[in-house]
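One structure is given here, and the rest of the page talks about it.
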Amino acid sequence: MNKSLKKYWKSEVELTNNSQVEKLRHDEFVEKLPVDNLFEDEKSLNDSSTNRRDFLKYLGFSTSAAVLASCEGPVNKSVPYVIQPERIRPGISNYYATSMFNGYDCANILVKTREGRPIKIENNKLAKFHGSANARVHASILSMYDSGRIQGPMYDGNNISWEELDQDIIKKLESLRFNNSPVALLTSTISSPTSIKIINSFIKKYPNITHVEYDSISESSVLDAHEIMYGVRALPLYEFKNAKYIVSIGADFLGDWMGSNYDGDYAKGRVPIKVDGTATMSKHIQLESNMSVTGANADVRIPLKPSTQKLFLAHLYKKISNSDINLPELDKKTNERLIEISKDLTLNGNSSVLVCGIDDVNAQLLTNAINDLINSSVKSSSKVSLIRKGNDKKVNELIAKLNNGEFSGIIMSGVNPAYTLPNPKSFNDALRKLDFSVIFSMKMDETTSLCKYVSASSHYLESWGDFQFVNGEYSICQPTIKNLFDTKQFEECLLSWSGNENSFYDEIKSNWSNNILLSNTKWNKAIHDGVYSSNDSYNLKSSNNSFSYSALELSKIKSSNFELLLYSKIGMGDGQQANNPWLQEFPDPISRVSWDNYLTISKKDAESIGLKNYNESNGALNSNYALVKNADIELKLPVIIQPGQANGTVGVSFGYGRMMGIKSEMKTGSNAFSLYDKFSKIQDVEIKAIHEIHEFACVQLHNTLMGRGDIVKETSLEVFNTKDKEYWNPVPVVSKNHIETAVNKKEVNIYQEFDRSIGHHFNLSIDLNACTGCGACVIACHAENNVPVVGKREVRKSRDMHWLRIDRYYSSDVSFQDDNQNKDDINGLSDSLSVFGQMEDPNENPQVVFQPVMCQHCNQAPCETVCPVAATSHGRQGQNHMAYNRCVGTRYCANNCPYKVRRFNWFLYNNNDEFDFNMNDDLGKMVLNPDVVVRSRGVMEKCSFCIQSTQAVILKAKNEGREVNKNEFNDACACSAACSTGAMSFGDINNKESEVYKRKKDDRVYHLLEYVGTKPNVFYHAKVRNNDKLKNI
Amino acid sequence: MGSHYEAPIRKPLVTGNKTYHQISVDVARPVEGSANKQWWIVFGIALALFVWGIGCIIYTISTGIGTWGLNKTVGWAWDITNFVWWVGIGHAGTLISAVLLLFRQKWRMGINRSAEAMTIFSVIQAGLFPIIHMGRPWLAYWIVPIPNQFGSLWVNFNSPLLWDVFAISTYLTVSLVFWWTGLLPDFAMIRDRAIKPFQKKIYSLVSFGWSGRAKDWQRFEEVSLVLAGLATPLVLSVHTIVSFDFATSVIPGWHTTIFPPYFVAGAIFSGFAMVNTLLIVMRKVCSLEDYITIQHIELMNIVIMITGSIVGCAYITELFIAWYSGVEYEQYAFLNRATGPYWWAYWAMMTCNVFSPQFMWIKRLRTSIVFSFVISIVVNIGMWFERFVIIVTSLHRDYLPSSWTMFSPTFVDIGIFLGTIGFFFVLFLLYARTFPVIAQAEVKTILKSSGDNYKKIRDNKNG
């Protein structure tokens, strides 16, 4: 675009006669003012007299000037840089590669900073593993700007200085070492090579210290199984991009299973791309009890109780290994499925894989064995995942010893046992009794409040660090902002306590140079990239061949009452970030409930116990409570009747019920860790109904698609491969002169089309095959666009403000296609009443579909015509603009929006004590994106296609004198940038090389509600399900 | 105007052997006398409601629209329901005074003054809602096309809301002028009878120096005719344009070409019902039974019956078209209306608007004061539900089921509605005490032709 060096002139004179203009430019006034004469000549100055009129003028001026000067305007103090830091230019974002691991979530990320202030998390595409942030990682930036953080070191509730703390602790540590009194060091999983070294040298200095790693949600059984089989205590790693046939028994690998980050790879195999007229895609069978995101994405989902899952796994092993094991029989239907699945597993050979989430060593052994038997290439034989190391046995031992008073001191970091232990009472008592208890913590949480010494720790965005999530794959964590408070990192303190004067940064650098990079020159590049891959790999080979014993053991387990499966929600994980309003307001992808956890139960069981969900007159969802009893522990939980929940099972998510170090608004839900007996996610429980009402904040109150097949178009792989596009993806038609004409044809358009072939024309493509419903885009959009949090009360009134929502629909018959058929078969009024009535209720094992919906940026937008003040109007580049300043708030646009994507500011959501979230907090406001205005009360808002970023891209290209690169725009939109599965692709369709242009040509493309004639700039790709053969099983 | 002959089979429009003087006395009586206890009680209640409504409006404006029950899916509910309801009620006045004037329906003379007053007062109520329903009502002037120099920008002439602004303001202006023109001779009559200097002063001001000369009367007649001609298209246009708010949208249940005539019929329907409600009480309280006779009420009941039937036809046509269109969203919208979660609102509407007016086929019922009064109230309840049904049940379940939700009003929604009712009655009660509630000058023109005594004399002479 070198044409941009055009010359602009303000007048003709400027063009032709440059010298005169140049002269004028230097003079402020066209004519010289005669002030010099007056002041130079003293005589004339003295002679000049001030007459009465002038006097009055001066008097008037000076009086009013004095009055005006005395009215002080609001003073905003801003301190300019004394020395302008390099690379920080106001208005320009800087990106830093870093990585994070908090014991639960891990990711390699880029941090967007503005004027030295981190404001957003983005994916690090250089990373081979864990290169994409999930919803919680995206939200973690807000957790840094949490004014409830501990702002400095404390002893016994009083603020002290770091020097005092260090001195005290070193003194105590030394006296404990002298007496050889055992001290516990309880941390979350340490996956940092340098931290491990530091801890080791710390223990070397104080040999009386025992280090135990503790995962709040344990993966001990998987680790144990892996250790038994392969001799390496690590989690297996799967590479789903190689997978053609995936069988998952209870593994929520698109959710939180083992800290997984598999959705990107998984989605690659899920998009059917035609090669020589035939498309292939992976087939995914899910057997599970709770409805998980993974189950929702599966081609076939079979609800099974955990106990039956175990038996099923044992049988599967028996079948595949051809061993002769005497197992109890499966029921007939499940057995048929077993035969089908085992056949397909072997048939697909090394491109098939079995993953298993059953929390049982034997189950994990069998899973590994089956994968080895079928020679699965999906399960990596050279790489393992190192993000969980906790060993239940060691943790139990340590807790038992602590409770018995065998420890004289404890140091903790990254853990909150008082919250995450199933029965923390004795632990709490023991901890309270200890004289020497140190905790590294950011919040005054349940455990921290019981400790004597509180080391205020830094957020990962303020920290140095390094990680090895996968063997041989290293990541660097670098600070993106100076410590906001007087905080220190765990490792820094350990270094100083072990008498090492090096900083943690020095340690990392030398460790990397000596042991990882093996070079002094690669360090800067490693920092820049944030990741480094070495050739380090294992050769995992099983030493054992027969697992008949495990199969037998597994088949023995019998359950009596309800089988409870504890899980973690995408929004809350293990509850570390419970004080994060973005995550609290994040609707669960499956239940669409925000601000709560709950007991999920099947409809049949709920009816037999007397539990129900119902809607209030304003639509808000209510339930009664269930009393969940597990041995002597009782927990009162509200109930969500979950379609797809296996009968005889219930589910509860971790992460809620936090009570300390948390704002009162965020004290939501109940603590499911209390049911986490023996660190087992599967529990036997009894359920009783309590007739009290619970109020939910659910953003989607209607769960089915009502047979509206044109909203979510889908077909089967067979039809996709064999039939014409017109058959499975027809464009709706209207009648023109009694001839049916496709609605996208010019002749049926009543509007004059605007020529969009010049300049940029933005489109967003959403592939329903690739979207797993993970919700990372929802939080990314929240962060990018300063979307307000409105709180539980308002969400309950259907006033959530999310610009981007992920609609989740259940089929009401066994599949959506059956729903469509049922609707088409309606005959007569009474039939329609009964059929539509049935369609309101989801099936007991429904098909599920996710559909992200944001402003569709219609080229013929219904909202634009109805606004009386033209506050919303169309952009040259295809966006539907929203001028907040112009909006008077009639809400007509929202009413007339067929997609219902417009969000109204019902109240003032910032600086308002009624909405005491991050926008009512000076620190919380630091996360706001300065490029996006914070909307005031009474105006409409909605998705803008991140116009602030697309414009920045255009300007950058213009400054650099080049055209915008073909896919540069994709990272400008927060949602498409955050999307790790490639479900979303954003860009300029006038650039014929862009990804989005190519995608627009796809056969699967359709527009949402195309028949309305809105001509949206967002298009969807019809979902193709690979379930032809297994439809009936 | 009008001949002095009226067929003997026509019932007299003025009863009670009135003379010209008696008419003056009867009309001036409420103005000249003092208010009774009942007036004060009713006025007190209305004022209390009004004040409560003001409180709710202040609360809304100072806190936000969030104080109402609206949500992301249902962006309009009671606000626009009330707006359309009040505008609809405001239709009867102009219809009676303008259209019936052009059609030379003399019976309008007994009721047109109060009907027009009702029109103006209800349009005032209606006009409140488009302003207070805005998120930022202090910027309401932005929807007026005033030059950019004023600080606002040019408006969007595509928007039906803007058309509303013109429609309503034109209607209010023309109605007010028309009403006041008619009031001039009557104010002058009160002025001439007034004893207290203050009263005299006021009434001479508001009667604009009416002198009763032939020229005055001639101009009066001309202006009345011209204004009637102007106002007649307005009767049709106002509610047509209000219906465009919905008809031009893309929402199933709103996007309907039948809306303009359907809305106009509904408006006349509800307007006449409101006139009946008011006048049945007023004729009793102000002892105006001789001017607002059973025949007046009967005629209005017939209009109610006819327009009610038209509205009923429209409802059925909507259902038919929904089925006939073959559009599934359209079909579901109407199925949902009648059988969905708001079925009770739909059937309340059907019962009140379609079934109840059918009783008016029976002469005994339509000439019964009590029955007419009850039906007039029922009709307005039904018409309120009609707007609620159109607005809320269409919005709450539109295209994407994921956004489906429900609406429930808060105390503020209810408070503002009650407040406008209070405001309306405050205005009407004040009017009833200070204005000549019967167009006495016009009634006097038909006394000789339609007065019972004169008719009797004439009939006796002829017979």
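The values are calculated or read from the model by the stated rules, or taken from the named source; none is laboratory data. Fair warning: this is a prediction, and the values are worked out from it, not measured in the lab. Backbone-built Cβ (ideal geometry, glycine too); neighbour counts: all protein chains shown.
Being surrounded by fewer than 24 Cβ atoms within 10 Å (Cβ to Cβ) and away from chain A (no Cβ under 14 Å), is that true of even one residue in the stretch B:130-137? Scanning the stretch B:130-137, I find no residue that is surrounded by fewer than 24 Cβ atoms within 10 Å (Cβ to Cβ) and away from chain A (no Cβ under 14 Å), so the answer is no.
Looking only at the stretch A:883-903, residues that are of a type in the set (Phe, Trp, Tyr), within 7 Å of chain B (Cβ to nearest Cβ) and in a helix (DSSP H, G or I) come to 1 in all. Note on the stretch A:797-819: residues that are in contact (Cβ under 8 Å) with a residue 40 or more places away in the chain, more than 10 Å from chain B (Cβ to nearest Cβ) and either polar (S, T, N, Q) or out of contact with any Cys (no Cβ under 6 Å at 6 or more places or on another chain) (or both) amount to 7. Taking the conditions exactly as written (more than 14 Å from chain B (Cβ to nearest Cβ), of a type in the set (Lys, Arg) and touching a helix residue (DSSP H, G or I) at 6+ places or on another chain (Cβ under 9 Å)), does residue A:629 satisfy them or not? Against the criterion (more than 14 Å from chain B (Cβ to nearest Cβ), of a type in the set (Lys, Arg) and touching a helix residue (DSSP H, G or I) at 6+ places or on another chain (Cβ under 9 Å)), residue A:629 does not qualify.
Evaluate the following for residue A:731: is it part of a helix (DSSP H, G or I), more than 14 Å from every other protein chain (Cβ to nearest Cβ) and not basic (Lys, Arg)? The answer is no for residue A:731. For the stretch A:453-484, which residues satisfy the criterion of being among the aromatic types (Phe, Trp, Tyr) and out of contact with any strand residue (DSSP E or B) (no Cβ under 6 Å at 6 or more places or on another chain)? A:464, the sole residue that qualifies.
When we screen B:62, B:24 for residues that are surrounded by fewer than 22 Cβ atoms within 10 Å (Cβ to Cβ) and within 14 Å of chain A (Cβ to nearest Cβ), the only hit is B:62.
Scanning the stretch A:544-570 for residues that are of a type in the set (Gly, Ala, Ser), assigned to a loop (DSSP other than H, G, I, E, B) and farther than 28 Å from residue A:686 by Cβ gives a single hit, A:546.
The set of residues from the stretch A:828-847 being among the small types (Gly, Ala, Ser) and either assigned to a helix (DSSP H, G or I) or facing chain B (nearest Cβ under 9 Å) (or both) comprises A:830, A:832, A:834, A:837.
When residue A:229 is tested against (1) modelled with pLDDT under 90; (2) touching a helix residue (DSSP H, G or I) at 6+ places or on another chain (Cβ under 7 Å); (3) surrounded by fewer than 20 Cβ atoms within 10 Å (Cβ to Cβ), only condition (3) is not met.
In the stretch A:685-710, of all residues being part of a strand (DSSP E or B) and crowded, with 17+ Cβ neighbours inside 10 Å, the one that is nearest to the other protein chains (Cβ to nearest Cβ) corresponds to A:704. Residue B:104 falls short on exactly one of the conditions (1) on the phi < 0 side of the Ramachandran plot; (2) in contact (Cβ under 8 Å) with a residue 40 or more places away in the chain, and that condition is (1).
Kindly indicate whether any position in the stretch A:993-1009 is assigned to a loop (DSSP other than H, G, I, E, B), in contact with a helix residue (DSSP H, G or I) (Cβ under 9 Å, 6 or more places away or on another chain) and either farther than 30 Å from residue A:727 by Cβ or outside the structural domain of residue A:732 (by TED's automatic domain parsing) (or both). No, the stretch A:993-1009 has no match at all. Inside the stretch B:260-277, residues that are in contact with a helix residue (DSSP H, G or I) (Cβ under 6 Å, 6 or more places away or on another chain) and surrounded by fewer than 20 Cβ atoms within 10 Å (Cβ to Cβ) make up a count of 1. Among the criteria (1) closer than 30 Å to residue B:383 by Cα; (2) within 14 Å of chain A (Cβ to nearest Cβ), the one residue B:99 does not fulfil is (2).
Scanning the stretch A:111-132 for residues that are assigned to a loop (DSSP other than H, G, I, E, B) and either modelled with pLDDT of 90 or more or within 20 Å of residue A:254 (Cα to Cα) (or both) yields A:124, A:125, A:126, A:127, A:128, A:129, A:130, A:131, A:132. Please determine whether any residue of the stretch A:367-375 is on the phi < 0 side of the Ramachandran plot, within 28 Å of the chain's Cα centre (by Cα) and at pLDDT 90 or above. There is no residue in the stretch A:367-375 that is on the phi < 0 side of the Ramachandran plot, within 28 Å of the chain's Cα centre (by Cα) and at pLDDT 90 or above. Being surrounded by fewer than 22 Cβ atoms within 10 Å (Cβ to Cβ) and either within 7 Å of chain A (Cβ to nearest Cβ) or of a type in the set (D, E, K, R) (or both) is a property that residue B:402 lacks.
Scanning the stretch A:261-276 for residues that are under 24 Å from residue A:644 (Cβ atoms) and free of Cβ contacts under 8 Å to residues at least 40 places away in the same chain turns up A:262, A:269. All of B:158, B:148 fail the test of being at pLDDT 90 or above, within 14 Å of chain A (Cβ to nearest Cβ) and surrounded by fewer than 19 Cβ atoms within 10 Å (Cβ to Cβ), apart from B:158. So in the stretch A:72-94, with the set limited to residues that are part of a loop (DSSP other than H, G, I, E, B) and small (Gly, Ala, Ser), which one is modelled with the highest pLDDT? Among those that are part of a loop (DSSP other than H, G, I, E, B) and small (Gly, Ala, Ser), it is A:91. Residues in the stretch A:316-350 that are acidic (Asp, Glu) and either surrounded by 13 or more Cβ atoms within 10 Å (Cβ to Cβ) or assigned to a helix (DSSP H, G or I) (or both): A:336, A:340, A:344. Number of residues in the stretch A:652-681 that are closer than 25 Å to residue A:393 by Cα, surrounded by 22 or more Cβ atoms within 10 Å (Cβ to Cβ) and not aromatic (Phe, Trp, Tyr) equals 7.
For the stretch A:820-827, the criterion of being at the interface with chain B (Cβ under 9 Å from one of its Cβ atoms), in a loop (DSSP other than H, G, I, E, B) and in contact (Cβ under 8 Å) with a residue 12 or more places away in the chain is satisfied by no residue at all. Just one of the listed residues (A:495, A:450, A:461, A:431) is more than 25 Å from residue A:216 (Cβ to Cβ) and crowded, with 20+ Cβ neighbours inside 10 Å, namely A:495.
Among the residues of the stretch A:904-922, those that are without any contact (Cβ under 8 Å) to a residue 12 or more places away in the chain and part of a loop (DSSP other than H, G, I, E, B) comprise A:911, A:912. Based on what the data block shows, is residue B:121 within 14 Å of chain A (Cβ to nearest Cβ) and buried (at least 21 other Cβ atoms within 10 Å of the Cβ)? Answer is no for this residue. Would you be able to say whether some residue in the stretch A:167-186 is touching a helix residue (DSSP H, G or I) at 6+ places or on another chain (Cβ under 8 Å), without any contact (Cβ under 8 Å) to a residue 40 or more places away in the chain and within 30 Å of residue A:368 (Cβ to Cβ)? Checked against the condition, which is being touching a helix residue (DSSP H, G or I) at 6+ places or on another chain (Cβ under 8 Å), without any contact (Cβ under 8 Å) to a residue 40 or more places away in the chain and within 30 Å of residue A:368 (Cβ to Cβ), the stretch A:167-186 yields no hits at all.
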